[in-house]
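The block underneath contains the structure these notes are about, expressed in structure tokens.
The values are calculated or read from the model by the stated rules, or taken from the named source; none is laboratory data. Please read all numbers here as calculations on a predicted model, not as lab measurements. We place every Cβ from the backbone using ideal geometry, glycine too, and count neighbours over all the protein chains shown.
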Amino acid sequence: MDILSTVDRNKYKEDRVILHSDCNGFYASVECLHNPQLRDKPVAVSGDAENRHGIILAKNEIAKKYNVKTGEAIWQAKQKCPELVTLPPHFELYKRFSKMARRIYSDYTDRIESFGLDEAWLDLTNSIEGDGYKTALEIKNRIKEELGITVSIGVSFNKIFAKFGSDYKKPDAVTCITRENYRDIVWNSPAGDLLYVGRATKNKLNRIGIYTIGDIANTSPDVLRKLLGKWGDLIYGFANGFDSSPVAHMNDNTEVKSIGNSTTTPRDMKTFDDVKVVMYVLCDSVCRRMREQGFMAKTVGISIRDNELNSFTRQCTLESYTSLTKEITQNAFSLFEKSYKMQRPLRSIGVSVTDFVHDNVPHQISFLQDEERLMQNEKLDKTLDVLKKRFGNYIVRPAVLLNDRGLSSFNPKDDHVIHPVGYL
């Protein structure tokens, strides 16, 4: 079952053999492997329910039979499955299994690009003899035998369709998406199954009668562009199989494009003072992480979700690059005040920075700013970084955080969850 026949290889000489491997229910699968007594029970890895971080991060196949879904609240999952066993995440353990999977992948190619801990693309175009399907089967069986977990693998001629293939049939499966069958398989699937068509985008598409990936592929790019901006062009190309993005080399350092932290608070934030407390903690973490990596940023973004789960994002561009906690906090909070009038209490907030330069890049001194004061603030931030690294996150705290210890007593710098890297 070759991914492309000889005739097709002559016709599409530049076609690649791309695999996308996705570890099935990764966190839950690893937990069950280390706790054999749980293997016959519905199991989910989740956040902290007492601190309202109680959402399902991963679930095993037994839990899936009860329609337990990733991203839903623990109480919702337990309504469907009262016997559900919930466990806290152990990311060091998951990272170890992720590295072991990559070592297996590296026996076949050096073109390996991670998409989070549990997913990776592999480019086998110039590294195998035979077809991608047989190699995918071999990799799948090795993962099962050597690591004790299962993967689903998509095989195709580009990264987008390979990713689609790994999602198409689970668990422990291999699916080929070829030039001959992608119209039958991909185009007949819901629009939301295409990478980067999230719920909001899907709803916009549905409102103008676009329900399937095939509908996207056969809609005028001008219509999609008018509806979605640049994302319209992007998903049009994805739906038609035009993706030509390369799979990165396994030793390439992934370029950092943004740094951010978010939190769901123990209680709803009802006032601007509540938001200011939480936002300071988030900005402090973001700026410390930025300084550790030697960056300064020029764009600040916030994400907001209210207690009815309505959400929005906003961002602003600063006049100059900075890594100062005070500046990032002031701009993030100012952006929030302009964007939201506390119509409803808030459940969660996120802060991110992007548009980086390295902090050793010379920058123009401004006559409109107190450069001496900026240098003093920079020295202060770096001194606090050293103290917190040596004695802990809570060794020095501004007085504003003492007004509400319930809202401010979290540590996003050390506790932040690892999320998939962006495809773009």
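Points to keep in mind about this one:
- Subset of region 212-238 that is touching a Ser or Thr at 6+ places or on another chain (Cβ under 9 Å) and touching a residue at least 24 places away in the same chain (Cβ under 8 Å) - its residue that is farthest from L122 (Cα to Cα): L228
- Residues that are free of Cβ contacts under 8 Å to residues at least 40 places away in the same chain and among the aromatic types (F, W, Y), drawn from region 304-348: F312, Y340
- Candidates T325, T317 - the one that is hydroxyl-bearing (S, T, Y) and either under 19 Å from L384 (Cβ atoms) or not assigned by TED's automatic domain parsing to the domain that holds T265 (or both): T325
- Count - residues of region 169-206 that are in contact with a helix residue (DSSP H, G or I) (Cβ under 9 Å, 6 or more places away or on another chain), among the small types (G, A, S) and in a helix (DSSP H, G or I): 2
- When residues of region 225-255 are limited to those that are in contact with an Asp or Glu (Cβ under 7 Å, 6 or more places away or on another chain) and not in a loop (DSSP other than H, G, I, E, B), the one surrounded by the fewest Cβ atoms within 10 Å (Cβ to Cβ): R225
- Any hit, region 256-275, residues being assigned to a strand (DSSP E or B), farther than 30 Å from S106 by Cα and of a type in the set (A, V, I, L, M): yes
- S323 vs. criteria on the phi < 0 side of the Ramachandran plot and surrounded by 15 or more Cβ atoms within 10 Å (Cβ to Cβ): yes
- Close pairs (6 angstrom Cβ cut-off, 6 or more residues apart or separate chains): closer than 18 Å to N251 by Cβ in region 119-134, among the polar types (S, T, N, Q) and part of a strand (DSSP E or B) anywhere: A120/S21; A120/S114
- Residue in region 182-196 that is exposed (fewer than 14 other Cβ atoms within 10 Å of the Cβ) and modelled with pLDDT under 95 present: yes
- Index of the failed condition, V278 passing every other in (1) among the hydrophobic types (A, V, I, L, M, F, W, C); (2) surrounded by fewer than 20 Cβ atoms within 10 Å (Cβ to Cβ); (3) within 23 Å of the chain's Cα centre (by Cα): (2)
- Residues that are part of a helix (DSSP H, G or I) and touching a strand residue (DSSP E or B) at 6+ places or on another chain (Cβ under 7 Å), drawn from region 127-160: G132, Y133, A136, L137, I139, K140, I143, K159
- Of the set (1) at negative phi; (2) in a loop (DSSP other than H, G, I, E, B), all apply to R96 but (2).
- Residue count for region 121-145, restricted to those that are modelled with pLDDT under 95, surrounded by 15 or more Cβ atoms within 10 Å (Cβ to Cβ) and of a type in the set (G, A, S): 1
- Candidate set from region 387-404 (those that are more than 16 Å from S285 (Cβ to Cβ) and either of a type in the set (A, V, I, L, M, F, W, C) or at pLDDT 80 or above (or both)); member that is surrounded by the fewest Cβ atoms within 10 Å (Cβ to Cβ): A399
- Within region 284-328, the residues that satisfy the criterion of being hydrophobic (A, V, I, L, M, F, W, C) and assigned to a strand (DSSP E or B) are F295, M296, A297, V300, I302, I304, F312, C316, L318.
One line per residue, one yes/no per condition, for (1) polar (S, T, N, Q); (2) at pLDDT 90 or above:
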position: L318; (1), (2): no, yes
position: T322; (1), (2): yes, yes
position: A332; (1), (2): no, yes
position: H358; (1), (2): no, no
